[in-house]
Amino acid sequence: MTRTFEELVTEAEAVSVAGWDFSWLDGRATEQRPSWGYQRQIGERLARVESALDIQTGGGEVLAGVPVLPPLTVATESWPPNLAKAAALLEPRGGVVVADTDEPPLPFRAGAFELVVSRHPVTVWWDEIARVLRPGGTYLSQQVGPASVFELVEYFLGPQPPEVRRGRHPEDARAAAERAGLEVVDLRFERLRTEFFDIGAVIYFLRKVIWMVPGFTVEAYRPRLRELHERLREGPFTATTTRFLIEARKRT
């Protein structure tokens, strides 16, 4: 039996959005993954270093999923519910989770880490990354690219100006890294397919990824949500996700 709009809304509003685990969307939405395999890549590198920092770790799920952590493994996070989840996952493996405001400076001494990683950081403070890296150290990050899932964003907010659509461009990241004194040794970009199959999945996604539609609430967007619910009866809502991988090295 097809579930009603109100049933789907009630369910999606009630579920917790703490952490960075999207498994609640299994069967309700799909997102194509980048070809480079970010978790595998950081896993290989973490196994070869003695010290590493994961910035904006979320609930620690990605870092906790690698086989080997370095003797000194530190993760930062700003949101209290995520801090608790990250600590529960990482501290039993010897990791240290540090509360941080996501504003400079990072609470670490200069040259403290051989490797700095970050998956989907909201903001990247390149000068701070360069400061806490050891000479010869590496920053490896998978980031959200320009106009990612903007089919959904613009469904709710309307057409966005060119400067907004261009935000988070990989070439801007390259330029910022180089201004901080880092050498960009790898930069890859991919466009990927995302599908939402029911309105509950859309609501959950927008509650969790709060910067997509700032100030999103069901009540504020109920008419548009209802229209989208009816549209979803005919098939999935398809959007384009953009991702880029950037690797930058601190010169010796």
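Read-outs: derived from the displayed coordinates by stated rules, not from any lab. Values in this document were obtained by computation on a predicted structure and should not be read as measured data. No Cβ is skipped: glycine too gets one built from the backbone with ideal geometry, and neighbour counts run over all protein chains shown.
Summary of the geometry: the stretch 199-245 and the stretch 75-141, compared by the centres of their Cα atoms, lie 30 Å apart. Taking every pair of alpha-carbon atoms in the stretch 183-222, what share in percent sits in each 10 Å bin, from 0 to the bin with the longest distance? Computed distribution, short to long bins: 22, 38, 21, 14, 4.
By the count of neighbouring beta-carbon atoms within 10 Å, fewest first, THR57, THR73 end up ordered THR73, THR57. Relative to the longest principal axis of the Cα atoms of the chain, the long axis of helix 5-14 makes an angle of roughly 30 degrees.
Shown for TRP36, TRP126: other C-beta atoms within 10 Å of each C-beta, ranked fewest to most, produce the order TRP36, TRP126. In a simple Cβ point-charge model (Lys, Arg +1; Asp, Glu -1; nothing else charged), the stretch 2-136 has a dipole of about 600 debye relative to its Cα centre.
Considering only GLY158, TRP36, THR240, and ranking their Cα positions along the charge dipole of the stretch 5-250 that arises from unit charges at the beta-carbon of Lys, Arg, Asp and Glu, the one farthest toward the positive end is TRP36. Each residue of the stretch 214-222 was assigned a 3J(HN,Hα) from its phi angle through the Karplus curve 6.51 cos²θ - 1.76 cosθ + 1.60 (θ = phi - 60°); the sequence is x, x, 4, 9, 4, 5, 5, 10, 4 Hz, with glycine and proline shown as x. Annotation for GLU178 and GLU234: the two label points, set 7 Å from Cα along the Cα-Cβ direction, are 4.7 nm apart.
Of PRO105, GLY65, ALA87, which is farthest on the positive side of the dipole of the stretch 41-119, counting Cα position, with +1 on Lys and Arg Cβ, -1 on Asp and Glu Cβ, and the Cα centre as origin? The one lying farthest along the dipole's positive direction is GLY65.
Relative to its residue count, the stretch 105-220 spans a Cα convex hull of 131 Å³ per residue.
In the chain, the DSSP-assigned H stretches of four residues or longer account for a calculated mean residue ellipticity at 222 nm of -9000 deg cm²/dmol, using -39500 (n - 2.57) per stretch and the full residue count as denominator.
What is the sum of charges around ARG231, taking Lys and Arg as +1, Asp and Glu as -1, for the other residues whose C-beta is under 14 Å from the C-beta of ARG231?
Working: positive: ARG224, ARG226, ARG233; negative: GLU151, GLU195, ASP198, GLU227, GLU230, GLU234.
With Lys, Arg at +1 and Asp, Glu at -1, the net is -3.
Close amide H pairs (under 5 Å, H built 1.01 Å from N) link VAL98 with ALA75, THR76, GLU77, residues at least 5 positions away or on another chain.
Placing +1 on the Cβ of every Lys and Arg and -1 on the Cβ of every Asp and Glu, with nothing else charged, gives the chain a dipole about its Cα centre of roughly 580 debye. May I ask you to compute the full-extension gain from GLU31 to VAL185, defined as 0.36 nm times their residue separation minus their alpha-carbon distance, rounded to one decimal in nm? Value of the extension gain: 52.7 nm. Using Cα-only point scatterers and the Debye equation, what is log10 of I(q)/I(0) for the chain at each q in 0.09 Å⁻¹, rounded to two decimals? Rounded to two decimals, the profile gives -0.43.
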